[in-house]
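Notes for the one structure printed next.
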Amino acid sequence: MVGFTAISAKDKFDYCLPSNSSCWPSQAQWSELKSKISGGKLHDISDNSEYNKICDASSVDPSAAYTLEDKGEGRCMQYHDCSKEKCDDKAGWNIPEYSVEASEETDIIEAIKFANEYNIQVVVKTTGHNYAGASMGDGALLVWMRHFKKYGDIIKAYEKCSETYDAVLKVGGGQIWEEAYKAVGNDYHMVGGGGLTVSAAGGWLNGGGLSASARLYGMGIDQVVEFEVITADGSKVTASKCENDDLFWALRGGGGGSFGVTTSVHYKLHATKPFCEIIFTITDFYEPTWDTKTLVKWIGVLVDSAPTFDQKWGGYWTLNSGIFYYQGTDEELKKDEFLIKIASLGYIKWDRWNCAESYFAARGGPENMSTDQTSQKEFNIASRLVPMSFVENNPEKMKEILVWMISNGFYTFNYIIGGKMMDVAADATAVHPAMRESVFQIETFDERLIQKLRDELPDSGAGFNHAAKNEPDWENQFWGRNRERLETLKEKWDPENRFNCWHCVGYLAKSDAGSVSFSLIFYLTTLVILLCSH
Ligand SMILES: Cc1cc2nc3c(=O)[nH]c(=O)nc-3n(C[C@H](O)[C@H](O)[C@H](O)COP(=O)(O)OP(=O)(O)OC[C@H]3O[C@@H](n4cnc5c(N)ncnc54)[C@H](O)[C@@H]3O)c2cc1C
């Protein structure tokens, strides 16, 4: 563990909470705020008794994620446990007191001004997809962005900071990937998230933004030309490489919900190119044979190919399957070395092989692209980055770890990363430097597997967007050597820690308030004893 002392201006949880009537706003004061929000959309969401009824969505319903992010006046989380503290089903509720359903910048500004006046913590949410519950907060005022005004215009020959971009897409602070992809259609390629229901301008992006085409064009944060943000003092600012460049740096990897509320993002677009989507499973692993021979061979192919993966490859893999995207035509794909190695494994069932004129078309077109199902309880995801140097220098060890995983839990869902992501300097953005140096992000749903990876790769870092809700030493595992600068910038841009969310930069836990008062009691008791003894 790297020793580092947090330098946030506010270092204890001393927000006004509803239980403190001496500081908590009166009904009249909340009504006054309501009158300033467009359409009066300030919602009292403090009553949790109906949560399950209001936010119920079956996990087998493919539209559940859409439903959940739009309903419940902002209170619904995709992973229902995250409506509770630390995403623990048995813990107390962690739902904010009020939500401002923002549709205009002024709604956000009024909410922040109000929270500043009454010292209330602010949390931000678009879709509620965050696996660790970072878009929730007990006793907080929620800025709910999902119904914020939508943009979606493609701007050609866009000029910014003395550069001209062929085409950019302006995405609104509450929009989701489905909306962005539909706006772009087949006219351009856009680097975006795999799940259509994830926000395009919020947490996904602030966490770095992994994509099936990140190896070809870089991460989501590498596509941003500018952000528009409402900051903790209620100002509207632009952050780009020539305006507020330190905030621009922090928003690209420093995590959502802690430096301000993003109201729009201008994304670089790329020329459309042919792509293939291939999905396969390894069949001799299934009953009645249960033979892991091909799995072991698959791991061999994967690990041995990793150091020289062509940038044309991107996507996801598990211990017995692959969902890959290849930038190229069907003809080119068939000649590709990695593909030939996969095909030669035998026992491969090609579930999908679709080559088309663009990435979106290969996925079936924005209308037909599938999205992940959600609404699970107990969704215990955790992630670990695997450095390229480790795979290059210890390929047999890497294979051994993955083979161990086959017989000790098995359940993973992983990214191949690297490629163009590595062309950006490790300190050029706030994302963990390891993101720029790794070849795999392994995601597991089993405590044994993640612990194995933490033990084998103790300093390699966690993938922020898929991090465990209880990641040990989280500040260092999320940001590595970029952490110190992030905390300095938090102090600059949010000195009162108005934005406070679980495991975000500057996070203040309610228990800190407890430990502070405990220290105070201890101090006063000692003082009394000393005075009495004299
Ligand atoms: C179905 C699914 C598919 C996924 N696919 C991918 C993928 O392909 N690549 C990848 O990297 N990750 C992926 N993820 C992980 C995803 O990036 C994280 O869950 C992320 O936190 C979601 O961001 P959100 O804004 O949609 O969620 P939310 O829960 O609404 O917010 C997450 C965080 O961002 C903050 N935030 C949200 N909106 C704003 C805003 N407008 N301004 C400032 N802060 C904001 C919140 O305060 C919170 O801290 C996926 C997750 C799911 C559930």
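The values are calculated or read from the model by the stated rules, or taken from the named source; none is laboratory data. None of these values were measured; they are calculated from a predicted model. Counting neighbours? That spans all protein chains shown, and the Cβs are built from the backbone with ideal geometry, glycine included.
General observations
- Among the residues of the stretch 35-56, those identified as of a type outside the set (Ser, Thr, Tyr), surrounded by 12 or more Cβ atoms within 10 Å (Cβ to Cβ) and touching a His at 6+ places or on another chain (Cβ under 9 Å) are LYS41, CYS55, ASP56.
- Lone unmet requirement of (1) under 23 Å from PRO18 (Cβ atoms); (2) surrounded by fewer than 18 Cβ atoms within 10 Å (Cβ to Cβ) for PRO62: (1)
- Residue match in the stretch 420-438 (condition: at pLDDT below 95, at negative phi and among the charged types (D, E, K, R)): no
- Listed by position, the strands (runs of 3 or more DSSP E) enclosed by the stretch 301-392 that each have at least 2 residues that are more than 25 Å from the chain's Cα centre (by Cα) and within 30 Å of GLY409 (Cβ to Cβ) are 348-356.
- Enumerated helices (runs of 4 or more DSSP H) restricted to the stretch 1-79, each holding at least 3 residues that are modelled with pLDDT of 95 or more: 27-36
- Residue match in the stretch 81-93 (condition: on the phi > 0 side of the Ramachandran plot, within 16 Å of the ligand (Cβ to nearest atom) and under 23 Å from the mean Cα position of the chain (by Cα)): yes
- Remark: pairs (first residue in the stretch 178-192, within 16 Å of GLN223 (Cβ to Cβ); second residue of a type in the set (A, V, I, L, M) and part of a helix (DSSP H, G or I); Cβ separation under 9 Å; 6+ apart in sequence or on different chains) = HIS189/LEU216; MET190/ALA180; MET190/ALA183; MET190/VAL184; VAL191/ALA214; VAL191/LEU216; GLY192/ALA180; GLY192/VAL184.
- Leading residue by the ranking (nearest to the ligand (Cβ to nearest atom)) among those in the stretch 210-249 that are outside any strand (DSSP E or B) and of a type in the set (Ser, Thr, Tyr): SER211
- Among residues of the stretch 250-274 being hydroxyl-bearing (Ser, Thr, Tyr) and within 16 Å of the ligand (Cβ to nearest atom), the one that is nearest to HIS432 (Cα to Cα) is SER258.
- Selection within the stretch 113-164 - within 16 Å of the ligand (Cβ to nearest atom), among the β-branched types (Val, Ile, Thr) and assigned to a strand (DSSP E or B): VAL122, VAL123, VAL124, VAL143
- Filter result for GLY207 (farther than 29 Å from MET388 by Cα and within 9 Å of the ligand (Cβ to nearest atom)): no
- Scanning the stretch 274-291 for residues that are within 19 Å of ASN368 (Cα to Cα) and part of a loop (DSSP other than H, G, I, E, B) turns up just one, PRO274.
- Residues located in the stretch 472-499, provided they are in a loop (DSSP other than H, G, I, E, B), more than 15 Å from the ligand (Cβ to nearest atom), within 22 Å of ALA115 (Cα to Cα) and of a type in the set (Asp, Glu): GLU496
- Just one of (1) assigned to a loop (DSSP other than H, G, I, E, B); (2) more than 9 Å from the ligand (Cβ to nearest atom) fails for ALA201. It is (2).
- Of the residues making up the stretch 165-198, just one is away from the ligand (no atom under 11 Å from the Cβ), out of contact with any Phe, Trp or Tyr (no Cβ under 7 Å at 6 or more places or on another chain) and β-branched (Val, Ile, Thr), namely VAL184.
- When the residues of the stretch 332-358 are filtered to those that are modelled with pLDDT of 95 or more and aromatic (Phe, Trp, Tyr), the one that is farthest from SER83 (Cα to Cα) is PHE338.
- ILE299 being within 16 Å of the ligand (Cβ to nearest atom) and either of a type in the set (A, V, I, L, M) or at pLDDT below 95 (or both): no
- Any hit, the stretch 157-167, residues being hydrophobic (A, V, I, L, M, F, W, C), farther than 30 Å from ARG75 by Cα and crowded, with 16+ Cβ neighbours inside 10 Å: yes
Matching residues to (1) of a type outside the set (Phe, Trp, Tyr); (2) in contact (Cβ under 8 Å) with a residue 12 or more places away in the chain; (3) surrounded by 18 or more Cβ atoms within 10 Å (Cβ to Cβ):
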| site | (1), (2), (3) |
| --- | --- |
| PHE275 | no, yes, yes |
| ILE278 | yes, yes, yes |
| ASP291 | yes, no, no |
| LYS312 | yes, yes, yes |
| SER344 | yes, no, no |
| ASN354 | yes, yes, no |
| ASN368 | yes, no, no |
